[in-house]
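Notes follow once the structure below has been shown.
Read-outs: derived from the displayed coordinates by stated rules, not from any lab. Fair warning: this is a prediction, and the values are worked out from it, not measured in the lab. Every residue, glycine as well, gets a Cβ built from its backbone with ideal geometry; the counts of neighbours run over all protein chains shown.
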């Protein structure tokens, strides 16, 4: 109003405002559509980024705690530092794991962060390899992401990734060997396929150069290759082999190429890994050193309070307590128990049985491969008389997790009740991970709260 006269708005202003609003809404919709399209086009990248973020936060957060040595950190970081200091020593394991720990010490110093950093880094890599390998085996992104997420929730993989130990390196290289071996059958270029097969051999050699249990990765690759060749040459075997392009492509690998890449290359890697060790420790030549290492393990008959029978491992009967500290006057305790996620492990047992039945009915390549890997990494321990521990189940564990993810996805697709059950199981696993996280990472807990988490008397 001006001088008592109501001024009218210029003609067209209201119309222009409405048009502007429509243009803004249309622009916003186009941005949303573009963002959704980009997410769909890069869903693998986004899934792996999310898994890396979760895994890295769980592994690197307060990794320097506790500040003293944990369990076998009294050996492996010390040996790693001996390489840097030029000190002679004898170790019953191949040297590659200590070399990797020494890299962290070189960057950060001989402190907890220094000798645990590489384990955490490779532990994150294990999660990504679980995702990638599950995607190759089951050809389903939901199964792959669920497998990676479930691997993030497991305490055994977490504890081994937060300590200066070498088991996680062997698991990483074994998974990488499988990933590259299967990638060979997916490559269109002959050169790329050859590089993948060479890379698989390098990783097999690296796994064995960390711990001899890495030989299982060679066993799996060998059995898959021989089975594929047998199915191709003798039709009577074909009825027992999963059909498909992957099996036929594996069968087409020339025997000379397979021997060169998956036998000769691992042997060269294994022998080369001792170069630095033998230069610093010339007391034993290479073959004599192998004999000494074998003799150490063969005569290691002494028992251990946390040793357990191989058949008890899937049932999570006897974990290993890596660290215990009671804070005086506060009633708080800090502990690291190498305990798997009990809900995940106990659900994985029926999932394994379901997978075995499924592959007999459907002859599914991915399920068959995972079952074979579990058997190859697990059953050989039945023949070992020396003291063994729950962490020796680590080689089989990623494949048990993949089979559980596959079983839950199958259950999800079975109808409303199946979806509810699958969602309940995944929720229970995640909640269990949050509940047990303090006893995996040395977070202060009231003594009563610690014992509440020890569901079985044998866990203490």
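Shown is the FRET efficiency for residue 291 and residue 428, computed with R0 = 45 Å from the Cβ-Cβ distance and rounded to the nearest 0.05: 0.35.
Classify segment 87-235 as rounded, prolate or oblate, taking a ≥ b ≥ c as the square roots of the eigenvalues of its Cα gyration tensor: rounded when a/c is under 1.5, otherwise prolate if a/b is larger than b/c and oblate if not.
prolate
You can think of it this way: the chain between residue 53 and residue 257 has 69.6 nm of extra reach, that is 0.36 nm per residue less the Cα-Cα gap.
For segment 243-342, taking Cα atoms only, Rg and Dmax work out to 22.9, 69 Å respectively. P(r) for segment 323-460, from all Cα pairs and a bin width of 10 Å, is 11, 32, 30, 20, 7, 1, 0 %, short bins first. Placing a label point 7 Å from the Cα of residue 267 along the Cα-to-Cβ direction, the residues of segment 176-216 whose backbone N falls under 14 Å from that point are 205.
Normalised by residue count, segment 52-131 yields a Cα convex hull volume of 99 Å³ per residue.
Reducing segment 61-119 and segment 259-289 to their Cα centroids gives an inter-centroid distance of 21 Å. Once the chain from residue 300 to residue 188 is taken as fully extended at 0.36 nm per residue, the excess over their C-alpha distance is 35.4 nm.
For a test of the definition: using alpha carbon positions, the gyration tensor, and the 1.5 limit on a/c, classify segment 293-378 as rounded, prolate or oblate. Oblate, because a/c is 1.5 or more while a/b does not exceed b/c.
Cβ crowding within 10 Å, taken as a proxy for footprinting-reagent exposure, orders 168, 63, 349 from fewest neighbours to most as 349, 63, 168.
Share of antiparallel DSSP beta bridges in the chain, in percent to the nearest 5? Rounded to the nearest five, the antiparallel share is 100 percent.
Please give the Cα centre distance for segment 432-453 versus segment 337-399, rounded to the nearest Å. About 26 Å separates the Cα centre of segment 432-453 from the one of segment 337-399. So the label point goes 7 Å from the Cα of residue 327 along Cα→C-beta, right? Which residues of segment 58-97 then have their backbone N under 18 Å from it? So the set is 62-68. When 304, 67, 364, 377 are sorted by how many other C-beta atoms sit within 10 angstrom of their C-beta, beginning with the fewest, the order is 67, 304, 364, 377. Quick check on segment 124-170: take the gyration tensor over C-alpha atoms, sort the square-rooted eigenvalues as a ≥ b ≥ c, and tell me if it's rounded (a/c under 1.5), prolate or oblate. Because a/c hits 1.5 or more and a/b exceeds b/c, segment 124-170 counts as prolate. Ranked for footprinting exposure by Cβ neighbours inside 10 Å, fewest first, 73, 288 give 288, 73. Calculated on the alpha-carbon coordinates, the convex hull of segment 45-91 measures out at 121 cubic angstrom per residue.
Note on the chain: Cα-Cα pairs beyond 44 Å make up 21% of the total pair count. Percentage of Cα-Cα pair distances in segment 331-386 greater than 13 Å, rounded to whole percent? Summing the P(r) tail past 13 Å for segment 331-386 gives 72 percent. The relative contact order of segment 319-460 comes to 34 percent, based on Cα pairs under 8 Å that sit 6 or more residues apart. The label-point distance for residue 248 and residue 284, in a model that sets each label 7 Å from Cα toward Cβ, rounds to 5.0 nm. Here the Debye sum runs over all C-alpha atoms of segment 81-125 as equal scatterers in vacuum, and log10 of I(q)/I(0) at q = 0.14, 0.25, 0.26, 0.34 Å⁻¹ comes out as -0.32, -0.90, -0.95, -1.19. Each residue, residue 360 and residue 32, gets one label point 7 Å from its Cα in the Cβ direction; the gap between the two is 5.1 nm. Remark: relative contact order (the chain) = 17 percent; criterion is Cα-Cα distance under 8 angstrom and separation of 6 or more residues.
Each principal axis of the Cα cloud of segment 391-460 was evaluated for its coordinate range; sorted largest first, these ranges are 44, 28, 21 Å. In this simple spin-label model, placing a label point 7 Å from the Cα along the Cα-to-Cβ direction at both residue 275 and residue 383 gives a separation of 3.3 nm. For the chain, the mean residue ellipticity at 222 nm estimated from helices alone is -21000 deg cm²/dmol, where every DSSP H run of n ≥ 4 contributes -39500 (n - 2.57) and the total is divided by all residues, rounded to the nearest 500. If you plug the beta carbon distance of residue 87 and residue 414 into 1/(1 + (r/R0)^6) with R0 = 45 Å, you get a FRET efficiency near 0.15.
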